[in-house]
Each structure stands twice: as C-alpha cells, then as structure tokens.
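Take a look at the structure below.
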Amino acid sequence: MLSIKNLHASIEGTPILKGINLEIKAGEIHAIMGPNGSGKSTLASVLAGREEYEVTDGEVTFKGKDLLDMNPEDRAREGVFLAFQYPVEIPGVSTTNFLRTAVNQVREYRGQEALDAVKFLSLMKEKMKLVEMDQKLMSRALNEGFSGGEKKRNEIFQMAMLEPTLSILDETDSGLDIDALKVVSNGVNQLKSKDNATIVVTHYQRLLDYIVPDYVHVLYKGRIVKSGAKELALDLEENGYDWIKADVDGAS
Ligand code: ADP
Ligand code: MG
Ligand code: MG
C-alpha cells in the first residue's frame with residue numbers, strides 16, 4: 001500500500017529526514033517510536049503533504065501512485081488521514097458541517113453518491129458510539145473549547161467517518177487519561193480491516209498495550225535505526241533509547 005524509499009526532507013533548509021525506508025501492507029499496524037526531535041512528526045507531515053516541508057530526495061508511492069506528486073487534498077481523497085498531534089480549532093465551523101463536507105468530498109472522489117442530511121446523521125450516530133462521543137460536541141465549532149481528550153476522540157471519530165485507507169496517528173495518546181486512551185484505542189482497533197493500514201506515532205509504549213502493532217520502528221536522527229515486532233516496544237520501555245542512540249552515535 002505504502003512504499004517509502006530513501007526519503008529525505010528539510011524544513012527551512014535544515015535536513016530532518018535523512019533516508020527513510022518503509023514498506024506498509026494493507027491490514028498492518030506500524031508503530032513509529034523514537035526520542036523527541038527524531039523526525040516522527042516531520043515524517044507524518046510529509047506523508048500528509050504539509051507544505052512547510054521540502055522533500056529533497058527519495059520517493060513515496062501509495063496504492064501504486066506517486067504520493068509526493070499529489071496536493072494534500074488529493075492525498076486525503078485517496079484515503080490518507082493524518083490525526084495531528086495538536087488538533088486545530090476552527091472557529092465558526094461546526095464539527096457536523098465540517099465533516100459533512102469532508103465526507104461528501106471523499107465520497108464524490110470515490111464515485112459514491114453524496115449523503116443527504118438524514119443519512120449523514122445516522123452515519124454520525126453510528127460512528128459516535130464507536131468513540132463514546134458526546135453528541136453535544138457536534139454542534140459546537142470544530143475543536144473549539146474541546147478538552148484534550150475530546151479533541152483526540154474527535155480525531156478518531158473523524159477517522160471513523162472518513163474510512164481512510166492509511167491512517168497516521170501522531171501522538172494521539174499524549175494528554176489522554178487511561179479511560180480516554182482505551183476508548184481511542186478501541187476505536188482504532190475496531191476500524192482495523194484487511195484493506196486499511198495504520199501508522200501509530202508514539203513516544204511511549206503505553207498506547208501499544210491497547211493498539212497492538214505488527215511492526216515497531218525506531219526513528220532517530222531522521223532515520224529508521226531499528227525495526228522489530230511488538231516486543232521491541234517493551235524492550236524500549238524497559239531500557240529506554242540510550243542503547244540505540246549509543247549504537248547509532250558510536251557507528252557514525
Ligand atoms: P518528533 O516528532 O520526533 O519529536 P519532529 O519531527 O517534530 O520530531 O522534529 C524533528 C526536528 O525538526 C527537531 O529537531 C525539530 O526541532 C525540527 N523542526 C521541526 N519543526 C521545525 C520548524 N518549523 N523549523 C525548524 N525546525 C523544525
Ligand atoms: Mg516531538
Ligand atoms: Mg512529534
């Protein structure tokens with residue numbers, strides 16, 4: 001589904017990603033871990049097509065198409081979903097209206113008919129149950145005054161509504177208490193299918209008790225320096241990143 005080869009990216013002339021290689025197949029969950037400042041959010045942002053980042057080398061194909069050649073809107077329509085580390089507030093736009101537009105744009109792109117108000121509301125109710133979302137939030141402006149936990153639930157709710165092929169969750173666990181963490185994880189797990197894939201970016205192992213990854217990758221200094229099965233996350237929890245840093249820094 002997603003193939004990243006030798007990806008290099010810079011921000012304001014500073015190289016951040018320095019040769020990322022990653023293959024993700026449908027049905028898989030990949031966790032990306034690593035110390036702060038390693039480039040995890042940069043990788044997520046580059047995949048979503050945020051414009052501040054300049055790709056300087058390498059290639060990314062998504063479902064056989066050149067992802068880097070697409071603008072962010074087309075990437076979203078193709079099924080790439082990025083849940084931001086800091087979800088934005090959009091004053092004056094209700095969550096419902098925002099989502100109805102987004103969902104219908106995606107449906108149009110996929111050749112499906114637009115949902116009318118009634119059908120849209122029933123889809124919303126079904127998906128809100130998945131994340132135990134308070135219905136009152138839907139009439140408020142998008143994310144405005146939402147608590148940290150409510151924003152995170154809202155992200156997973158949006159993901160449920162849009163049914164992306166590739167979901168990228170960037171530190172969706174930060175700031176969540178254990179109950180919210182379980183709800184969010186449960187939502188992600190229920191949305192998992194053989195046709196979609198998820199990249200979970202997290203600094204801590206905790207989330208991976210609930211969202212069990214097929215593969216764990218450690219990003220450090222802009223490169224994936226170690227990959228393994230889910231046990232790697234436990235190893236990191238126990239031993240930290242120092243042994244990996246020492247390996248990499250010692251070798252360079
Ligand atoms: P992570 O998500 O792994 O903590 P980031 O991708 O956020 O790491 O950041 C990687 C590096 O890029 C860090 O050294 C950070 O300081 C730098 N960086 C991120 N955003 C900017 C920016 N807008 N301008 C300059 N440097 C940035
Ligand atoms: Mg960070
Ligand atoms: Mg980050």
Only one of Asp57, Asp66 is away from ligand 1 (no atom under 16 Å from the Cβ), loosely packed, with under 15 Cβ neighbours inside 10 Å and touching a residue at least 24 places away in the same chain (Cβ under 8 Å), namely Asp57
Single condition Val103 does not satisfy, out of (1) aliphatic (A, V, I, L, M); (2) away from ligand 1 (no atom under 16 Å from the Cβ); (3) out of contact with any Leu (no Cβ under 6 Å at 6 or more places or on another chain); (4) not in a helix (DSSP H, G or I) = (4)
Would you mind stating whether Ser10 is at pLDDT below 95 and either of a type in the set (Ser, Thr, Tyr) or in a strand (DSSP E or B) (or both)?
-> no
Looking at the range 200-229, which of its residues are modelled with pLDDT of 95 or more, within 16 Å of ligand 3 (Cβ to nearest atom) and closer than 19 Å to Ala26 by Cβ?
-> His217
Could you please give the count of residues in the range 198-215 that are away from ligand 1 (no atom under 16 Å from the Cβ), under 19 Å from Leu2 (Cα atoms) and not in a loop (DSSP other than H, G, I, E, B)?
-> 2
If only one of Ser3, Ser41 is within 12 Å of ligand 2 (Cβ to nearest atom) and in contact (Cβ under 8 Å) with a residue 24 or more places away in the chain, which one is it?
-> Ser41
Could you please find all residues in the range 163-186 being at pLDDT 85 or above and either closer than 30 Å to Gly64 by Cβ or within 16 Å of ligand 2 (Cβ to nearest atom) (or both)?
-> Glu163, Pro164, Thr165, Leu166, Ser167, Ile168, Leu169, Asp170
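Yes/no per residue for (1) out of contact with any Asp or Glu (no Cβ under 8 Å at 6 or more places or on another chain); (2) farther than 30 Å from Leu236 by Cβ; (3) of a type outside the set (A, V, I, L, M, F, W, C):
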{"residue": "Thr101", "(1), (2), (3)": "yes, yes, yes"}
{"residue": "Glu150", "(1), (2), (3)": "no, no, yes"}
{"residue": "Ala160", "(1), (2), (3)": "yes, no, no"}
{"residue": "Lys182", "(1), (2), (3)": "yes, no, yes"}
{"residue": "Leu208", "(1), (2), (3)": "yes, no, no"}
Return yes or no: is Asn36 within 13 Å of ligand 3 (Cβ to nearest atom), closer than 20 Å to Ala233 by Cα and either assigned to a strand (DSSP E or B) or polar (S, T, N, Q) (or both)?
-> yes
Met161 fails exactly one of (1) more than 16 Å from ligand 3 (Cβ to nearest atom); (2) under 23 Å from Lys245 (Cα atoms), namely (2)
Mind checking whether some residue in the range 176-185 is of a type in the set (S, T, N, Q) and surrounded by fewer than 21 Cβ atoms within 10 Å (Cβ to Cβ)?
-> no
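The values are calculated or read from the model by the stated rules, or taken from the named source; none is laboratory data. These numbers were taken from a predicted model, which means no experiment stands behind them. Reconstructed Cβ throughout: ideal geometry from the backbone, glycine too, with neighbour counts over all protein chains shown.
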